[in-house]
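Quick one: the structure is below, questions incoming.
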Amino acid sequence: MSCRVLYISGSFGLGHVNRDLAIANEMRQICPEIEIHWLAGSPACEVLEAAGEAFAPEQAAYRGETELADSTSHNGQLSLTAYVFRAMIFWMHNAHVSAIAASRGGYNVIVGDETYEILIANLLGFYRLPPIPFIVFYDFLGMDVVSNNVFEKLGAWMINLLWSNAWRVTTRGQNAALFIGEREDVADRSFGWLLSNRRRIADKTIEFVGYAFPFDKKDIPPRDVLRRELGYSKEPLVICTVGGTSVGRDLLELCGQAFPLVAARVPGVHLVLVAGPRIDPKSLVVPKEIDCRGMVPGLWRHLAACDLAVLQGGGMSTLEAEVLRVPFLFFPVENQAEQQVTVANRLARHKAGVRMSIADTSPLQLADAIVANLGVQVTYPEIPADGTHLAARRILERAGISGLN
């Protein structure tokens, strides 16, 4: 049975596009006749283009938000509340583009990964999607504030007022909300003063499908095989990666400053700095002997091969390190509430990773932490990792595909 899907990879940076690709490919495995058209901003659209994916005709009008996130950040800090309010103009534009694409494309289902613009625009009646199923993905629920700024707290409350009513869109008709994660990832507290309880809303209106990854754990080669395939030696390997924005420059350079201190204690150690698409690796102020790279396709393979990962604290990168059984240090972006609260709390619950703060970490302290955690045997509990398959099934069910295995 043929099926046309409009898939909107709406998050900034690179955290979600690889899992979106994995879900799309899983849908193709289940239903080979499926046809998927994409809308996405940079740098996600470059990843999709490299993968040979097809875009909706309206892609040229879709506006990415990564550059906005970069400009909102300052000295390695990023306020999500400030970002959201600055992004509203972008969001309303993209909601309009998405509505046009959905109306013209003859799609059976619309999928949006963190497409809050569509939720808000439909909730407020600005732009309405055509009457076909719309599925939105969350991986956190509710805006938190990690500063004492009164205006930021008020802004977060206003955002949460809308978010606490998003179910009015996601439960309409054949629409649905899927949470990429576990029930415990949603805090058992209210969205804010006089607002609903987050977990109770989630229990009633959202389906939890587990975590989704761009790989199947059972297909990962042994670490020594991966190292040979990727060109690494048997010497200790440390990977530092900061994702798809420019916010992580300070962390990369801090790793560079710590490297000579580590090398003096761990002979032959190899440090790879992965700057991603928004930071020129040649611009990093680090010792020349460090291996600096830009965009690294299939980065999870490098994480699976390393003895220690140093991560910015993003939701996807830390989850990948968990499921790959890799020891890691993580540095949540200052004032970035999702990383500071949701991701950090999840990792604490899973007893995974070592939390650090870039503002409070000297090169010597980072070197000590790297040496102490290099190659340690991890004891993380197993986490539900079948979200890719379950999300793909739910999308196809909403699209009316029958006879699913």
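The values are calculated or read from the model by the stated rules, or taken from the named source; none is laboratory data. Computed from a prediction, not measured in an experiment: that's the story for all the values here. Cβ sites come from the backbone with ideal geometry, for glycine too, and all protein chains shown count toward neighbours.
Take the residues in region 48-64 that are outside any helix (DSSP H, G or I) and modelled with pLDDT of 95 or more; name whichever of them is surrounded by the most Cβ atoms within 10 Å (Cβ to Cβ).
So, considering only residues that are outside any helix (DSSP H, G or I) and modelled with pLDDT of 95 or more, the one surrounded by the most Cβ atoms within 10 Å (Cβ to Cβ) is ALA56.
Still on this structure, please answer the following. May I ask you to list pairs of residues, at least six apart or on different chains, whose Cβ atoms are under 9 Å apart, with the first in region 27-55 being free of Cβ contacts under 8 Å to residues at least 24 places away in the same chain and in the same structural domain as THR245 (by TED's automatic domain parsing) and the second being assigned to a helix (DSSP H, G or I) and of a type outside the set (A, V, I, L, M)?
That search, which allows pairs on different chains as well, returns nothing.
Regarding region 363-383, can at least one residue be identified that is over 26 Å from VAL247 (Cβ atoms) and among the acidic types (Asp, Glu)?
For region 363-383, residues over 26 Å from VAL247 (Cβ atoms) and among the acidic types (Asp, Glu): present.
Here's a follow-up. Mind checking which pairs have a first residue in region 222-245 that is in the same structural domain as GLY256 (by TED's automatic domain parsing) and a second that is among the β-branched types (Val, Ile, Thr) and in a strand (DSSP E or B), Cβ under 6 Å, 6 or more apart or different chains?
Cβ pairs passing all conditions: ILE239/VAL272; CYS240/VAL310; THR241/VAL274.
Okay, moving on. Of everything in region 188-224 that's among the β-branched types (Val, Ile, Thr), surrounded by 18 or more Cβ atoms within 10 Å (Cβ to Cβ) and part of a loop (DSSP other than H, G, I, E, B), which residue is nearest to the chain's Cα centre (by Cα)?
Among residues in region 188-224 that are among the β-branched types (Val, Ile, Thr), surrounded by 18 or more Cβ atoms within 10 Å (Cβ to Cβ) and part of a loop (DSSP other than H, G, I, E, B), the one nearest to the chain's Cα centre (by Cα) is VAL209.
Of all residues being over 18 Å from the mean Cα position of the chain (by Cα) and on the phi > 0 side of the Ramachandran plot in region 345-380, which is surrounded by the fewest Cβ atoms within 10 Å (Cβ to Cβ)? Just the residue, please.
Among them, the one singled out is LYS351.
I want to confirm something. Restricting to region 134-159 and keeping residues that are among the small types (Gly, Ala, Ser) and either touching a helix residue (DSSP H, G or I) at 6+ places or on another chain (Cβ under 7 Å) or under 26 Å from ALA102 (Cα atoms) (or both), which single residue is surrounded by the fewest Cβ atoms within 10 Å (Cβ to Cβ)?
Within region 134-159, the match that is surrounded by the fewest Cβ atoms within 10 Å (Cβ to Cβ) is GLY155.
Do the conditions hold for THR342, that is, is it hydroxyl-bearing (Ser, Thr, Tyr), modelled with pLDDT of 95 or more, crowded, with 21+ Cβ neighbours inside 10 Å and not in a loop (DSSP other than H, G, I, E, B)?
Spelling it out, it is not the case that THR342 is hydroxyl-bearing (Ser, Thr, Tyr), modelled with pLDDT of 95 or more, crowded, with 21+ Cβ neighbours inside 10 Å and not in a loop (DSSP other than H, G, I, E, B).
Let me ask another. Take ARG227 and tell me if it is buried (at least 17 other Cβ atoms within 10 Å of the Cβ), more than 23 Å from the chain's Cα centre (by Cα), farther than 22 Å from GLN312 by Cα and among the charged types (D, E, K, R).
Judged against the criteria, ARG227 is a match.
Determine whether LEU261 is under 15 Å from CYS292 (Cα atoms), in a helix (DSSP H, G or I) and in contact (Cβ under 8 Å) with a residue 40 or more places away in the chain.
Considered against the rule, which asks whether it is under 15 Å from CYS292 (Cα atoms), in a helix (DSSP H, G or I) and in contact (Cβ under 8 Å) with a residue 40 or more places away in the chain, LEU261 comes out as no.
With free of Cβ contacts under 8 Å to residues at least 40 places away in the same chain, in a loop (DSSP other than H, G, I, E, B) and on the phi < 0 side of the Ramachandran plot as the only criterion, which of VAL326, VAL272, VAL285 stands out?
Just a single option satisfies the conditions, and that option is VAL285.
Could you check how many residues of region 1-26 are of a type in the set (Gly, Ala, Ser), part of a helix (DSSP H, G or I) and either surrounded by 21 or more Cβ atoms within 10 Å (Cβ to Cβ) or in the same structural domain as THR245 (by TED's automatic domain parsing) (or both)?
Adding up the residues that qualify gives 1.
Restricting the search to region 148-187, which residues are polar (S, T, N, Q), farther than 15 Å from VAL111 by Cα and under 23 Å from the mean Cα position of the chain (by Cα)?
ASN160, SER164
Shifting gears a bit: So which residues in region 1-47 are modelled with pLDDT of 95 or more and among the charged types (D, E, K, R)?
Across region 1-47, the qualifying residues are ARG4, ASP20, GLU26, ARG28, GLU35.
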